[in-house]
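These notes are about the structure you will find just below.
The values are calculated or read from the model by the stated rules, or taken from the named source; none is laboratory data. Model, not experiment: these values are computed from the prediction. No Cβ is skipped: glycine too gets one built from the backbone with ideal geometry, and neighbour counts run over all protein chains shown.
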Amino acid sequence: MPKKKTGQRKKAEKQKLRLKEIRSREVPLADFPCNAPMECDKCERKQKSRAFCYFCQSMQRLPICAQCGKVKCMLKTGDCVIKHAGVYTTGMGMVGAICDFCEAWVCHGRKCLQTHACSCPLQNAVCLECERGVWDHGGRIFKCSYCNGFLCEDDQFEHQASCQVLESENFKCQSCNRLGQYSCLRCKTCYCEDHVRRKGFKYEKNKAIPCPKCNYETSVTKDLSMSTRSHKYGRQQQGGAVDSDDEYGGGGYGGYYGGYSGAGAGTSSYGAGDYDDDDDEEDDDDDDDESESERQQKTKYLLKKMANRLPAFCGNAKRVKNTI
């Protein structure tokens, strides 16, 4: 018979399993020491933890290790590459290298120097929006909570606000005409129950179904606030979308011509519209009368000039003057 486990043994096994879960869990990108916030000692600007200031290129007084996050080496582990017996080291006496990916200091511990470069979380940290790497901007790096892509500090909120938009104009499956029950937030496509599963692929229980295109975890469409892409064709109103053509008279032709609407303003009442039309007609009549009187005066003036220029021997000159 196997020996009965004691209480201390059971407690040790539970603690071992708990520590294993903690090590295997996914740590948020903002909690890594290589992505920690830092304030420059010289220019006092906030930025990502790095070896040299992004703005003034000055070195920090107390650098932080990008792997273990310590500021002072207290010689507890004993794996220091540079031995300093009985002395606590800080500053440049603690560092051993600079990571090529996250641009941060790594301490002179053997474990940190050997493991950080291979497990650096910022190896492929290129922003999805601006396509800048760690060395091209001074801010921290974040991950989109929907598509799990890298984002810089400037574009993180703008990207996440527009990330839940599908590439298609409806929620139908890409392979058939049925409603897509699963959505991939990385490919921005929907899949039905039949086409989301691949033949010959083994799916794990109680886990999300991976996308058949990019292998990213899919989500149920009804649990998300997904929206479709809308296309706007032709000339549209600059003041916003119009639900009906009656609101703007002719409607739909005001985008490039200063909001011109087909028949009138479209917002005035019937009585006011009739009164305005009568005023316009009276104004037109007055303009016509003024133009006719001006023409008559011009013709009389020209005829008088012509009569004065006629020769004296012309007998018709007197007749012309008398008619005028």
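Test Val106 against the criterion of being at pLDDT 90 or above and either outside the structural domain of Phe32 (by TED's automatic domain parsing) or surrounded by 13 or more Cβ atoms within 10 Å (Cβ to Cβ) (or both), and give yes or no.
On the way: at pLDDT 90 or above: yes; either outside the structural domain of Phe32 (by TED's automatic domain parsing) or surrounded by 13 or more Cβ atoms within 10 Å (Cβ to Cβ) (or both): yes.
Spelling it out, Val106 is indeed at pLDDT 90 or above and either outside the structural domain of Phe32 (by TED's automatic domain parsing) or surrounded by 13 or more Cβ atoms within 10 Å (Cβ to Cβ) (or both).
Could you tell me which of the residues Glu44, Glu21 is within 30 Å of Lys143 (Cα to Cα) and part of a loop (DSSP other than H, G, I, E, B)?
Numbers: Glu21 fails: part of a loop (DSSP other than H, G, I, E, B).
Result of the check over Glu44, Glu21: Glu44.
What's the total number of residues in segment 171-226 that are among the polar types (S, T, N, Q) and over 25 Å from Ser145 (Cβ atoms)? Even if it seems obvious, please write down each step before you answer.
Initial filter on segment 171-226 (among the polar types (S, T, N, Q)): 174-175, 177, 181, 183, 189, 206, 215, 218-219, 221, 225.
In the following step, the residues that additionally are over 25 Å from Ser145 (Cβ atoms) were identified as 175, 177.
Qualifying residue count, segment 171-226: 2.
Looking only at residues in segment 130-144 that are part of a loop (DSSP other than H, G, I, E, B) and in contact with a strand residue (DSSP E or B) (Cβ under 7 Å, 6 or more places away or on another chain), which one is surrounded by the most Cβ atoms within 10 Å (Cβ to Cβ)?
Ranking the qualifying residues of segment 130-144, first place goes to Arg140.
Taking Ala85 as the residue in question, decide whether it is surrounded by 15 or more Cβ atoms within 10 Å (Cβ to Cβ), aliphatic (A, V, I, L, M) and part of a loop (DSSP other than H, G, I, E, B).
Values: surrounded by 15 or more Cβ atoms within 10 Å (Cβ to Cβ): no; aliphatic (A, V, I, L, M): yes; part of a loop (DSSP other than H, G, I, E, B): yes.
Answer is no for this residue.
Find the residue count for segment 159-173, including only residues that are under 12 Å from the mean Cα position of the chain (by Cα) and either polar (S, T, N, Q) or at pLDDT 80 or above (or both).
First, pick out the residues of segment 159-173 that are under 12 Å from the mean Cα position of the chain (by Cα): 159-165.
Those left that are additionally either polar (S, T, N, Q) or at pLDDT 80 or above (or both): 159-160, 162, 164.
Qualifying residue count for the region: 4.
For (1) modelled with pLDDT under 90; (2) of a type in the set (A, V, I, L, M); (3) more than 19 Å from Thr115 (Cα to Cα), each residue gets a yes or a no:
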site	(1), (2), (3)
Thr6	yes, no, yes
Lys10	yes, no, yes
Ile22	yes, yes, no
Phe32	yes, no, no
Glu44	yes, no, yes
Gln47	yes, no, yes
Cys68	yes, no, no
His84	yes, no, yes
Val87	yes, yes, yes
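Have a look at Cys184, Cys176, Cys152 and point out the one that is within 19 Å of the chain's Cα centre (by Cα) and in the same structural domain as Arg197 (by TED's automatic domain parsing). I'd like the intermediate steps shown before the answer.
Numbers: Cys176 fails: within 19 Å of the chain's Cα centre (by Cα); Cys152 fails: in the same structural domain as Arg197 (by TED's automatic domain parsing).
Unique residue meeting the criteria: Cys184.
Tell me, please, whether a residue that is in the same structural domain as Asp100 (by TED's automatic domain parsing), surrounded by 14 or more Cβ atoms within 10 Å (Cβ to Cβ) and without any contact (Cβ under 8 Å) to a residue 60 or more places away in the chain can be found in segment 21-31.
no
Do we find that Leu122 is crowded, with 16+ Cβ neighbours inside 10 Å and within 23 Å of Cys211 (Cα to Cα) in this structure?
Working: crowded, with 16+ Cβ neighbours inside 10 Å: yes; within 23 Å of Cys211 (Cα to Cα): no.
Spelling it out, it is not the case that Leu122 is crowded, with 16+ Cβ neighbours inside 10 Å and within 23 Å of Cys211 (Cα to Cα).
Give me the pairs: first residue in segment 56-73 and part of a loop (DSSP other than H, G, I, E, B), second residue of a type in the set (Asp, Glu) and surrounded by fewer than 21 Cβ atoms within 10 Å (Cβ to Cβ), beta-carbon distance under 8 Å, and six or more apart or on different chains, which are they?
Between residues of segment 56-73 that are part of a loop (DSSP other than H, G, I, E, B) and residues that are of a type in the set (Asp, Glu) and surrounded by fewer than 21 Cβ atoms within 10 Å (Cβ to Cβ), the close pairs are Ser58/Asp41; Gln60/Asp41; Arg61/Asp41.
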